[in-house]
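Structure, as structure tokens:
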Amino acid sequence: MKLKKRDTMKTKSVLLETILVTIVTLLGMWFLPAYKTIFALLPPVYLLVERRLRHRTWGDLGFKFRSFRADLRANWLLFALTGFFIQPLTALWAKAYFPEFLVHVQARLPFESGIGWGTLLPLLATSLLGEELTYRTLIQGKLTLFIGAPAAVGVASLLFGLAHFAPGSVLIVGVDIGLIVINSILYGMIFARCNNLWVVWMAHLLGDILGLMFLAAV
């Protein structure tokens, strides 16, 4: 009985910690944008500390090197969809039918500040790894234990979309967040199927690189 009670307390602690870290991170990013990078580092730091204190493996965080090829083959369709097609097609669609949305998205591009690809790529790779640790390993992974994978994917994806909020008209902001949520749902499906962060991160990185290239060119 004592063992079961202790396990229950640990489980509740994990849920409360996940909620607290998520709330602090998102509120900090929304209301203190000057410190956005610092708040974005909070979930990865928490996961690393928690891994050590609770004796979790790197595989528990989703860092599965050995099964990368097998997991990639098992999820090749979703990987191709998110990594090669969705973002370029979205850019082409916006150019043809919704130029106001295209302007809204392009305003967030780093090229406006003169950042070249040599600097952008490592920054992008690092930031996306942090994002996937936050929304896949932390939020989706932890919540799956309590509400199941489908609901956890939905919650993580909604928060992922809201975290990318940029001011604009209701329609444009709604379309922007909606498309980001859809992308996140697909990333979440990959992670739910294989629990391999590297596969999701690679799909996200390729998708963002192609998306940036198309957005910068149109």
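The values are calculated or read from the model by the stated rules, or taken from the named source; none is laboratory data. For clarity, every value in this text was computed on a predicted model and none was experimentally measured. No Cβ is skipped: glycine too gets one built from the backbone with ideal geometry, and neighbour counts run over all protein chains shown. Side chains are part of the model used for accessible areas, which takes the heavy atoms of the whole protein and leaves out ligands, DNA and RNA. Shrake-Rupley method; radii C 1.70, N 1.55, O 1.52, S 1.80 Å.
Checking the structure you have, find out if any residue of the range 120-135 is outside any helix (DSSP H, G or I), of a type outside the set (D, E, K, R) and loosely packed, with under 14 Cβ neighbours inside 10 Å. No, the range 120-135 contains no residue that is outside any helix (DSSP H, G or I), of a type outside the set (D, E, K, R) and loosely packed, with under 14 Cβ neighbours inside 10 Å. Among residues of the range 153-174 that are free of Cβ contacts under 8 Å to residues at least 60 places away in the same chain, those with a Cβ under 9 angstrom from a residue that is acidic (Asp, Glu), sequence gap 6+ or separate chain, pair up as 160/131; 161/176; 164/176; 171/100. Taking (1) within 13 Å of residue 132 (Cβ to Cβ); (2) in contact with a helix residue (DSSP H, G or I) (Cβ under 7 Å, 6 or more places away or on another chain) in turn, residue 195 satisfies each apart from (2). If you go through the range 56-88 and pick out every residue that is in a helix (DSSP H, G or I) and surrounded by fewer than 13 Cβ atoms within 10 Å (Cβ to Cβ), you end up with 5. With the structure loaded, tell me whether residue 182 is open to solvent by less than 30 Å² (accessible area, probe 1.4 Å), touching a helix residue (DSSP H, G or I) at 6+ places or on another chain (Cβ under 9 Å) and part of a helix (DSSP H, G or I) or whether it fails that test. So residue 182 fails the test. Pull up the range 25-55, narrow it to residues that are of a type outside the set (D, E, K, R) and part of a loop (DSSP other than H, G, I, E, B), then point me to the one that is farthest from residue 202 (Cα to Cα). It comes out as 32.
Filtering the range 161-183 to residues that are touching a Gly at 6+ places or on another chain (Cβ under 9 Å) and either of a type in the set (Val, Ile, Thr) or farther than 23 Å from residue 100 by Cβ (or both) leaves 177, 180, 181, 182. Just to be sure before I move on: is residue 172 among the hydrophobic types (A, V, I, L, M, F, W, C), open to solvent by less than 30 Å² (accessible area, probe 1.4 Å) and assigned to a helix (DSSP H, G or I) in the structure I sent? Spelling it out, residue 172 is indeed among the hydrophobic types (A, V, I, L, M, F, W, C), open to solvent by less than 30 Å² (accessible area, probe 1.4 Å) and assigned to a helix (DSSP H, G or I). Listed conditions (1) open to solvent by less than 50 Å² (accessible area, probe 1.4 Å); (2) under 28 Å from residue 69 (Cβ atoms) are all met by residue 159, apart from (2). Restricting to the range 138-149, what's the tally of residues that are among the polar types (S, T, N, Q) and open to solvent by 10 Å² or more (accessible area, probe 1.4 Å)? So the count comes out to 1.
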